[in-house]
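Only one structure is covered here, and it is reproduced in the block below.
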Amino acid sequence: MKNLFIILATLLSVSCIQLPNAGNSNSTQRIKAKVIRITCASTVIQVLDSAHYNLGETWTIEGTSNTYEHVAVVSNKCELPSTLKEGDEFFFKIINESDARKDCVVCMMYDFPPSKGIYLQVVN
């Protein structure tokens, strides 16, 4: 019985730990990024804020020797402003998947994007 109580107490305490920005759609923290590649299927960004390098990964554009650090695919591509072009730098905040638009249409081409993705909102 005592062991069961210890296990339950441990599980409850672990489930209450909140990670920074995890699931926080009201986050006001701005993260700097750069647009690396835009295709009809995906938009790849590079995180430039060293405090958030963990959002990305090392990635090489398929068929080239172009390798980038701290990159991720934008999971809600249709919400990016159409004015953003490759090479542009911008600020964003992380949003929940549930806060992202669901009516986004992209082409069916598979263009070997990074495996990590970020739901984001561009901010000034």
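Taken together, the values in this text are just the output of simple stated rules run on the coordinates, not laboratory data. None of these values were measured; they are calculated from a predicted model. Counting neighbours? That spans all protein chains shown, and the Cβs are built from the backbone with ideal geometry, glycine included.
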*With +1 on each Lys and Arg Cβ and -1 on each Asp and Glu Cβ, how big is the dipole of region 21-123 about its Cα centre, in debye rounded to the nearest 20?*
180
*Taking the dipole about the Cα centre of region 21-123, with the C-beta of Lys and Arg at +1 and of Asp and Glu at -1, give me whichever of Val123, Val47, Val35 is farthest to the positive side.*
Val123
*Sorted by mean Cβ packing within 10 Å, highest first, what order do the peptides 40-50, 100-110, 80-90, 62-72 take?*
40-50, 62-72, 80-90, 100-110
*By the gyration tensor of its Cα atoms, with a ≥ b ≥ c the square roots of the eigenvalues, what is the shape of region 21-123: rounded for a/c under 1.5, prolate for a/b over b/c, or oblate?*
oblate
*Under a cut-off of 30 Å between alpha-carbon atoms, report the lysines in cross-link reach of Lys85, not counting same-chain residues fewer than 8 places apart.*
Lys32, Lys34, Lys77, Lys93, Lys102, Lys116
